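Trainee: Would you mind keeping the following structure in view while I ask a few things?
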Amino acid sequence: MDDALTIHRLHFAFTITYHYLFPQLTMGLAPLVVVFKSLALWKGDERYNRAARFWAKIFAVNFLFGVVTGIPMEFQFGTNWARFSQFSGGVIATALAMEGVFAFFLESSFLGLFLFGEKRFGQRVHWLAAFMVFAGSWLSGYFIIVTDAWMQRPVGFELAADGTAHLVSFWALLFNEWAFWQYVHNMGGALVTGSFVMAAVGAFYLLSRRQEEYGRLFLKVGVTAAVAASCFQLFPSGDRHGKLIAEHQPATLAAMECLFRTQPGAPLVLVGQPNVAEQKLDNPIHVPKALSFLTYQHWEAEVKGLDAFPRDRWPDNIPLLYYSYHIMVGLGSIFIAVTSVAAFLLWRQRLYGARWMLWILMLSFPFPYIANTAGWMTAELGRQPWLAYGLMRTSEGFSPTVSSGNGLFTLIGFMGMYFVMGVLFLFLMWREVGHGPGFLDGHESKTPPSARILPEGAGA
Amino acid sequence: METLWFILVAFMLVAYAALDGFDLGVGIVHHFVARGEDERRLTLRAIGPVWDGNEVWLIAAAGALFFAFPKLYASSFSGFYLPLMIVLWLLMLRGMGVELRGHVDDPLWRSFFDFIFSAASLLLAVFYGAAVGNVVRGVPLNAEGYFFEALWTDFRVGPAPGILDWYTSLVGLLAFATLTVHGANWLLLKTEGELQERARRVAQKCWWALVSMTASSLAATVYVRPQVLDNFGRHAWGWVIPLAVAASLIFMRYAHARRRDAAAFFSSVVYIAGMLGGAAFAMHPHLLPATTDPSYGLTIYNSRTGAYSLSVGLVWWLLGVALAIGYFTFLYRSFRGKVRPEEGGGGYEAHAGD
């Protein structure tokens, strides 16, 4: 337990993983809130506003937790990874600093207006505020992905005389091809989380027979967004992201697929257990030649295995990388299946009465969180053993003066703090969902059935 | 170019201190000034829509520091590891204190978060002050430009100091006094009636503490680090800064007595800008002096990033900060005027206490 490298890695991994539980929901919900505000303006129906207000409350709590757990991230580059910061600050700090001035100011200013200003400034300003919060949170995502993309595929820099990286092309950094596909894949993932949560709340309301008009609305919007986002994750975003990995990090691709030997017509592994000691996959079930086809559009194409790379360039935890990747892909496939069936039922106007489907939707909302986390673990474990791919090893990047004991102390401190915050968060979410949109002004909605947004049983 | 970025980063830190400073100050005085649920809610409404945006100046300043002086960022953030982690935890607690108290309508729940909010604000003020004290005093840098400071050693200002020694503790208390007055001044602007009167009494009483601590900590600074006077010797115009600080204190007294609330708040902004600006002026071109060997010290020349980055950065920084100032102007104008009990903010806020 006194290995400083391990502790600094765990420190960052734990705090970033916990942090990202919140932004994935806020980034996923933000466009859906804009949808509700737009519907309210367009149709002039107050109930869309109530729906927006309800999700704004969920959004606000998540945003708060995202902000407070996000501040440590901006600091941890320096506190725990000082040598890496010194090495790469000339490049990645451009993206991080731009995130601060362009995105954080935007979202935080307009969030205040969005949460506090509806009555005071009227519906048009409120719509604008909602839109700006959406724009700010999505912009913020882009800058942070640019930072990670540079670590995955360094571009637009040169090594200065003192060995540190200096930026030579601003646009190359900002429009790194890797950043683009990673961004759309990541935002698609956030939308999957946001829409699954919305659908789950909707299903919960229908199953528990309260707030039913809002339950139907949330199901309709949630399921529609979820099916679109889930398919988008497979194609084009996931597919293109995978091809970039094949091109720029072939060793990573081999480890993700647990392909130890270079071969033409490489199979796609569905399940199996990596056995690194004997360099093989135990008990595999695979689709012959499918990996070659998916990667190079050619059934007989040669795919490089781990044997094509020196051992010190292999990702250092191949089983974890392999399982993370397969959990992400497996869950993604299940999402497509579930949301397709739900969307079909919605289209045939049978969803609201299909209790079995409502149960599935209500219980499935944790899985997008797992898939997003597993996806990020795939990206970051796949980057190993490098901090900046091909330039600096992870073992060279941590702070020279911060002892493992101090690192462990603050790691445990964060764990304690985040545990308490997690309990608080779940408690508050449970309360808000329990209240529901119809309770917002203290009593349940008394809208007569005929005037409801979506008549019972109507799907489209 | 290095000097320009030095000024820009200093500007962002001043903006942070002046803006989030009043949120923290409101947090500090929250318990003494606001009595009963209605008044507490009012004081929180006085910062509710803006505190999060104000805090962003800290993140943005840290980002700009990382961008312009990566070596300094790496060295100081790892060297100040323990106090920074404590600051991060306090920032989390403060944020939750502000936002979560209204979510459950229960006196015990609210009192708990009021306490978290006040305690975290108070400790943050002290730690920020101590941080400034550490930077001015210098740290035990090694030949490679790194260091690690324990939270305290023997409380002496020696070659191996701790985060807290007698000097940095003094600066920490000064920051505490400063933000108390600053927060009370903000409440003068935003509230009325009895609540405002109580805030005024706090501001007036703490004014004495502020003046005496300003004088003693400036004297201590000259004693601990006589080099701070060098730049004032070289550029005589620099004396404008201490004069502005003195003038702002005198003017604040006058403004309190005459109930010129906007002027009082303005004078504490000038005071904060003057103190931090003066520190920056005195430090230039040093960023982090060494208590070990003076040649190990970090300056804007040995810590800066590449010239290309700095030039390109100027373009996006000016654009980004111009936009940010635009949003802030819009936001503050939107919420200008006193907070009053009867007007619900609508939407989320009106129902926050359900």
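The values are calculated or read from the model by the stated rules, or taken from the named source; none is laboratory data. As the structure is a prediction and not an experimental result, all values here were calculated from the model. Note: ideal-geometry Cβ built from the backbone for every residue, glycine included; neighbour counts use all protein chains shown. The protein model used for the area step is the full one, side chains on, heavy atoms only, and it has no ligands, DNA or RNA in it. Shrake-Rupley method; radii C 1.70, N 1.55, O 1.52, S 1.80 Å.
Trainee: Summarise the partner chain shielding of A:207-217 as one whole number: the mean count of Cβ atoms from other chains within 10 Å of each residue's Cβ.
Mentor: Partner Cβ neighbours, averaged per residue: 0.
Trainee: Report the one residue of B:MET275, A:ALA13, A:GLY44 whose Cα lies farthest in the direction of the positive end of the charge dipole of the protein assembly as shown (charges on C-beta: Lys and Arg +1, Asp and Glu -1; origin at the Cα centre).
Mentor: About the Cα centre, the residue reaching furthest to the positive side is A:GLY44.
Trainee: For region A:220-358, with every protein chain kept in place, what is the accessible area per residue (1.4 Å probe, Å²)?
Mentor: Here the residues of region A:220-358 average 49 Å² of exposed surface.
Trainee: What does the helix-only formula give at 222 nm for chain A: each DSSP H stretch with n ≥ 4 adding -39500 (n - 2.57), the total divided by the residues, and the result rounded to the nearest 500 deg cm²/dmol?
Mentor: About -23000 deg cm²/dmol.
Trainee: What ranking of A:VAL433, B:VAL157 comes out by heavy-atom accessible area, probe 1.4 Å, highest first?
Mentor: Putting A:VAL433, B:VAL157 in descending order of accessible area: B:VAL157, A:VAL433.
Trainee: Where does each of B:PHE147, B:PHE251 land when they are ordered by accessible area, with a 1.4 Å probe and the largest first?
Mentor: From most accessible down to least: B:PHE251, B:PHE147.
Trainee: Between chains A and B, what is the buried accessible area summed over both chains (1.4 Å probe, protein heavy atoms, nearest 100 Å²)?
Mentor: By this definition, chains A and B bury close to 6600 Å².
Trainee: Taking the dipole about the Cα centre of region B:2-344, with the C-beta of Lys and Arg at +1 and of Asp and Glu at -1, give me whichever of B:LEU58, B:PHE69, B:PHE335 is farthest to the positive side.
Mentor: Highest projection toward the positive end goes to B:PHE335.
Trainee: Next question, about the same structure. Only four residue types carry charge here, +1 at the Cβ of Lys and Arg and -1 at the Cβ of Asp and Glu. Report the dipole size of the protein assembly as shown about the Cα centre in Debye, rounded to the nearest 20.
Mentor: For the protein assembly as shown, the charge dipole is close to 1860 debye.
Trainee: Taking the alpha-carbon centroid of each part, what is the distance from region A:320-393 to region B:263-302 in angstrom?
Mentor: Computed from Cα coordinates, the inter-centre distance equals 50 Å.
Trainee: Relative to the isolated chain, which residues of region A:116-131 have their accessible area cut by 50 Å² or more in the presence of all protein chains (1.4 Å probe, heavy atoms, no ligands or nucleic acids)?
Mentor: Residues meeting the cut-off: A:PHE116, A:LYS119, A:ARG120.
Trainee: With every protein chain present, what is the per residue accessible area of chain B (1.4 Å probe, Å²)?
Mentor: 38 Å²
Trainee: Along the charge dipole of region A:216-317, which of A:GLN273, A:VAL227, A:ASN283 sits closest to the positive end, that is, farthest toward it, with unit charges on the beta carbon of Lys, Arg, Asp and Glu (+1, +1, -1, -1)?
Mentor: Farthest towards the positive end: A:VAL227.
Trainee: Separate question: Evaluate the relative contact order of region B:85-191 (contact order divided by residue number), counting alpha-carbon pairs under 8 angstrom at least 6 apart; express in whole percent.
Mentor: Relative CO of region B:85-191 lands at 23 percent.
Trainee: Expressed as a rounded percentage, what relative contact order does chain B have, with Cα pairs under 8 Å and six or more residues apart?
Mentor: It rounds to 24 percent for chain B.
Trainee: Students sometimes get this wrong: rank B:ASP293, B:ASP105 by accessible area, probe 1.4 Å, all chains present, largest first.
Mentor: The ordering from most to least exposed comes out as B:ASP105, B:ASP293.
Trainee: In chain B, what percent of the accessible surface is made up of carbon and sulfur (1.4 Å probe, ligands and nucleic acids excluded)?
Mentor: 70 percent
Trainee: Express in Å², to the nearest 10, the accessible area of A:HIS241 obtained by rolling a 1.4 Å probe over the protein heavy atoms while all chains stay in place.
Mentor: 20 Å²
Trainee: Need one value: the accessible area of A:ILE7 in square angstrom, 1.4 angstrom probe, rounded to the nearest 10.
Mentor: Its accessible surface works out to 10 Å², give or take rounding.
Trainee: For chain B, set up a Gaussian network in which alpha carbons nearer than 10 Å are linked by springs, and say which option among B:ARG333, B:ARG260, B:ARG41 fluctuates the most.
Mentor: B:ARG333
Trainee: Computed FRET efficiency, Cβ-Cβ of B:TRP208 and A:HIS298, R0 56 Å: what is it to the nearest 0.05?
Mentor: Once rounded, the FRET efficiency stands at 0.10.
Trainee: For chain B, what are the DSSP H helices with axial Cα length of 27 Å or more and mean Kyte-Doolittle hydropathy of at least 0.5?
Mentor: Long hydrophobic helices here: B:2-33, B:81-100, B:107-137, B:166-190, B:261-283, B:307-334.
Trainee: Something else: Dipole magnitude of region B:2-344 about its Cα centre, charges +1 at Lys/Arg Cβ and -1 at Asp/Glu Cβ only, in debye to the nearest 20?
Mentor: Using Cβ point charges on Lys, Arg, Asp and Glu, region B:2-344 gives about 880 debye.
Trainee: Pop out the carbon and sulfur fraction of the accessible area of chain A as a percent, whole number, probe 1.4 Å.
Mentor: The nonpolar share, carbon plus sulfur, comes to 67 percent.
Trainee: While we're on this one: Taking the alpha-carbon distance from A:LYS243 and a cut-off under 25 Å, which lysines remain once sequence neighbours fewer than 8 residues away in the same chain are dropped?
Mentor: Answer for A:LYS243, where 25 Å is the Cα cut-off: A:LYS280, A:LYS289, A:LYS304, listed by chain and number.
Trainee: Please work out how much accessible surface A:HIS298 shows to a 1.4 Å probe, ignoring ligands, DNA and RNA, in Å² rounded to 10.
Mentor: Only protein atoms counted, so the area is about 100 Å².
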